[in-house]
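Q: Would you mind keeping the following structure in view while I ask a few things?
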Amino acid sequence: MTMPTVRVQSQDFDLSAESRALTEGRADIGAVVSFVGLCRDEAGTLSALELEHYPGMAEAEIRRIGEMAITRFNLIGLTAIHRFGRIAPGEQIVLVIATAPHRQAAFDGASFMMDYLKTSAPFWKKEHRKDGTAGDWVSAKDADDRARDKWR
């Protein structure tokens, strides 16, 4: 079985380089689907998000989800990168790239991966406000749970 590439890191990532690493020299790939999640400014009120994770556990859970996606959608390759630390609005937070022989499998694999990442990977987000007030920890959203549950 193909193993997913999983990284949890503080530094930014390069979508083009990560896509090239999955596809270079491969003639069996018919589709590449990528998703990049960015930090929003929440209508101009947010100066940054601070992402914390449980080291070791976060990577293991992302890898487990990735293996499920590869098996379920017959993916040829899968990369999942999630950043931690202080991230400003407009900066990249998460990357998922799925490759498959056909487009629907790649779309579904990437979507499945993101829906499970949002709900199952051990990350916590704290908001930092532009006005200097203490930010809140971001709560889980019911919509994220519903998105994940459609795959069950």
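Q: Taking only Cα atoms, what is the 0 to 90° angle, nearest 10, from helix 57-73's long axis to the longest principal axis of the chain?
A: So the helix axis and the longest Cα principal axis differ by about 40 degrees.
Q: For the chain, set up a GNM with springs between Cα atoms under 10 Å and report which of 121, 105, 21 has the largest fluctuation.
A: 21
Q: While we're here: Give me the net charge for the shell around residue 13: Cβ to Cβ below 14 angstrom, other residues only, Lys and Arg +1, Asp and Glu -1. Intermediate results must be reported in sequence, preceding the final value.
A: Working: positive: 7, 20, 83; negative: 12, 14, 18, 91.
Residues near residue 13 contribute -1 overall.
Q: Return the long-range amide H neighbours of residue 130 (sequence gap of 5 or more, or a different chain), with a cut-off of under 5 Å between placed amide H atoms.
A: 46, 47
Q: Less than 23 Å apart at the alpha-carbon level, and either on another chain or at least 8 residues along: which lysines does that give for residue 141?
A: Straight-line reach from residue 141, under 23 Å: 118, 125, 126, 150.
Q: Find out how many positive minus negative residues lie around residue 39, taking Lys and Arg as positive, Asp and Glu as negative, among other residues whose Cβ is under 11 Å from that of residue 39.
A: Values: positive: 40, 83, 86, 125; negative: 41, 42, 50, 91, 127.
After counting each charged neighbour, the total is -1.
Q: OK, next. Take segment 19-152, drop everything but the C-alpha atoms, weight them equally and run the Debye formula without solvent; then report log10 I(q)/I(0) at 0.16, 0.19, 0.20 Å⁻¹ to two decimals.
A: -0.85, -1.09, -1.16
Q: With springs only between Cα atoms under 10 Å apart, run a GNM on the chain and tell me which of 129, 64, 20 wobbles the most.
A: Result: 20 has the largest fluctuation of those listed.
Q: Which one of 53, 79, 124 has its Cα pushed farthest toward the positive end of the charge dipole of the chain, where Lys and Arg give +1 and Asp and Glu give -1 at the Cβ?
A: Farthest towards the positive end: 79.
Q: What do you get for Rg/Rh over segment 1-64 if you use C-alpha atoms and the Kirkwood form of Rh?
A: On the way: Rg = 15.5 Å, Rh = 14.9 Å.
With Rg and the Kirkwood Rh in hand, the quotient comes to 1.04.
Q: Right, another one. Starting from the exponent 0.38 and prefactor 2.2 Å, build the expected Rg for segment 96-152 from its residue count and divide its actual Cα Rg by it. Write down the numbers at each step before the final one.
A: Values: Rg = 15.4 Å, N = 57, 2.2 N^0.38 = 10.2 Å.
Working it through for segment 96-152, the quotient is 1.51.
Q: Angle check, please: helix 103-120 long axis (alpha carbons) against the longest principal axis of the chain (alpha carbons), in degrees 0 to 90, nearest 10.
A: Value to nearest ten degrees: 40.
Q: So, one more: What residue among 55, 122, 89 shows peak mean-square fluctuation when the chain is described by a Gaussian network model with Cα springs under 10 Å?
A: Among 55, 122, 89, the largest mean-square fluctuation in the Gaussian network model of the chain belongs to 55.
Q: With both partners inside the chain, how many of the DSSP beta bridges are antiparallel, as a percent to the nearest 5? Walk me through the intermediate numbers first.
A: Values: 25 of 30 bridges.
Of the beta bridges lying entirely in the chain, close to 85 percent run antiparallel.
Bear in mind these aren't lab numbers, they're just calculated from the coordinates by the rules spelled out. Computed from a prediction, not measured in an experiment: that's the story for all the values here. With ideal geometry, Cβ positions are generated from the backbone for all residues, glycine too; neighbour counts draw on all protein chains shown.
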